[in-house]
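Enquirer: The structure's right below; bear with me while I get my questions together.
Coordinate-derived values only; no laboratory data. Keep in mind that this is a model prediction, so the values were computed, not measured. Here the Cβ positions follow ideal geometry from the backbone for every residue, glycine too, while neighbour counts run over all protein chains shown.
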Amino acid sequence: MNTAVYKILLVDEDQVFVRQTRQLLITQSYDILTAASEEEAIIICQQHQPDLIICGAHLRGTGGHHFIMALRNEPVFDHVPLIFISTRENKQEMRMAMNLGADDYLARPFRKRDLLLSIRSRLGRFAKFNHVHTAEETSAVSLSNASTAEQALYHRLGKAENRIIKMIAEGKSTKQMAEELNVSIRTIENHRYRIAGKLGVAGRNALTEFVIRNIIQQQKP
């Protein structure tokens with residue numbers, strides 16, 4: 001039984017799967033929202049701000065991958081945990097979902113226990129992630145005191161992405177970022193991948209070089 005009521009959004013066109021999963025999660029005291037299409041899911045996210053999203057591979061009108069991409073393009077939702085559900089075991093589909101920003105992947109049929117464990121793990125990390133973010137906001141220097149380059153980055157990226165940029169500027173490794181934010185290394189790598197795409201840089205060390213050139217060197221007297 002959960003001491004806090006978390007809102008979970010189920011997105012899938014398979015109404016049998018949605019109904020069965022909803023019934024399972026209600027027994028765990030989660031507040032469940034449902035959507036069958038990407039458009040409906042985005043509206044629900046904007047209105048209700050779910051704590052976690054479970055997304056199927058097939059949505060009405062589009063696919064699950066397209067929804068993940070649309071969701072992660074919205075800075076306010078880029079940190080919300082997302083579990084991708086496929087109708088089959090497909091490594092290429094899994095890799096694509098993770099690269100686009102999914103936090104976990106399950107192939108149907110899966111054990112109920114596996115889904116519940118994934119949800120609890122993601123919500124636990126999400127709560128700690130938000131705690132770190134709140135502490136950073138409380139002690140953060142006003143944006144008006146930041147350099148022009150930092151201000152430009154702030155407006156182009158989401159909150160979680162700006163946090164990653166700050167850590168890169170501090171010289172922290174991917175492993176150190178994951179440990180500090182209590183998320184997986186894969187999650188940090190996904191953030192770096194999306195940031196690089198938004199900034200138009202490519203290559204293994206391109207993002208680090210971008211931060212050095214546009215932030216660290218700008219801060220030098």
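Enquirer: Would you pull out the residues with amide H under 5 Å of GLY101's amide H, same chain only if 5 or more places away, H placed 1.01 Å from N?
Expert: Placed amide hydrogens put nothing under 5 Å from GLY101.
Enquirer: Calculate, for ILE26 and ALA202, the FRET efficiency according to 1/(1 + (r/R0)^6) with r their C-beta to C-beta distance and R0 41 Å; round to the nearest 0.05. Spell out each step's value before the answer.
Expert: On the way: r = 45 Å, r/R0 = 1.09.
Calculated transfer efficiency: 0.35.
Enquirer: Now, a different point. What distance in nm separates the two pseudo spin-label positions at GLU39 and SER121, each 7 Å out from Cα along the beta-carbon direction?
Expert: That separation, rounded to one decimal, is 3.6 nm.
Enquirer: How much length, in nm to one decimal, is gained on full extension between ARG213 and ARG19, taken as 0.36 nm per residue of separation minus their Cα-Cα distance?
Expert: The span from ARG213 to ARG19 would gain 64.7 nm if fully extended.
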